[in-house]
Amino acid sequence: RSVNYPAMTSATNDRPPSAPTFRVYTDIVGDLFHGGHVSFFERVREAATAIAGDRSTNGIVPRIELVVGLMSDEEAATYKRQPVLTLAERNRVVEACRHVDIVIPGCPAKVNPAFIAENHISLVVHGDDFDELTMRKHYDVPIDLGIFATVPYSNDPGRGEVTTSTIIERIVSRRALR
């Protein structure tokens with residue numbers, strides 16, 4: 001069965017292509033790309049490396065390939081707010097991040113079996129900021145398949161982390177920017 005998603009765009013990968021691949025998927029809005037997004041991708045890669053190593057039968061940790069799905073503007077607006085940056089603008093920035101190997105713009109809101117199969121997903125990761133009901137709404141398939149993990153959601157200014165909402169609040173509060 002063919003699922004018609006927009007073409008994936010590829011970034012660079014620093015591991016040799018001969019190593020086996022463990023493809024990890026996460027989805028974000030990615031608005032006003034910032035250090036919090038970068039830290040999240042680092043945590044996703046760390047979790048994937050640990051899980052891939054645990055699942056390895058020969059002791060070799062496979063090459064981790066981070067696939068990032070970007071929510072469409074319309075989808076993001078259904079549960080957050082309308083993104084400041086368009087999908088094309090967010091795609092351009094996320095694909096430039098050195099931690100990201102592949103970007104899927106306009107990804108589905110719910111990860112389904114066809115999406116997992118079509119994109120050869122080994123693991124799905126999300127931040128731990130959703131309650132269980134919301135997590136199951138979007139990720140019940142990977143949860144039931146045993147290919148789902150969470151990483152801590154963090155907003156540590158000491159690490160250069162911030163949220164998009166915090167950035168927007170700063171801009172609004174600084175009237176001199178108007």
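The values are calculated or read from the model by the stated rules, or taken from the named source; none is laboratory data. Note that the structure is a prediction, hence the values are computed from the model and not measured. As a convention, Cβ positions derive from the backbone with ideal geometry for all residues, glycine included, and neighbour counts pool all protein chains shown. The area values use the complete protein model at the heavy-atom level, side chains included, leaving out ligands, DNA and RNA. Shrake-Rupley method; radii C 1.70, N 1.55, O 1.52, S 1.80 Å.
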TODO: Just name the residue that is farthest from R81 (Cα to Cα) out of those in region 17-32 that are open to solvent by 30 Å² or more (accessible area, probe 1.4 Å) and under 15 Å from the mean Cα position of the chain (by Cα).
DONE: R23
Task: Any hit, region 133-140, residues being open to solvent by 70 Å² or more (accessible area, probe 1.4 Å) and either of a type in the set (D, E, K, R) or assigned to a strand (DSSP E or B) (or both) - done: yes
TODO: Quick one: F130 ticks every box in (1) in contact (Cβ under 8 Å) with a residue 24 or more places away in the chain; (2) in a loop (DSSP other than H, G, I, E, B) except a single one, so which number is it?
DONE: (1)
Task: Number of positions in region 141-152 that are without any contact (Cβ under 8 Å) to a residue 12 or more places away in the chain and exposed (fewer than 14 other Cβ atoms within 10 Å of the Cβ) - done: 2
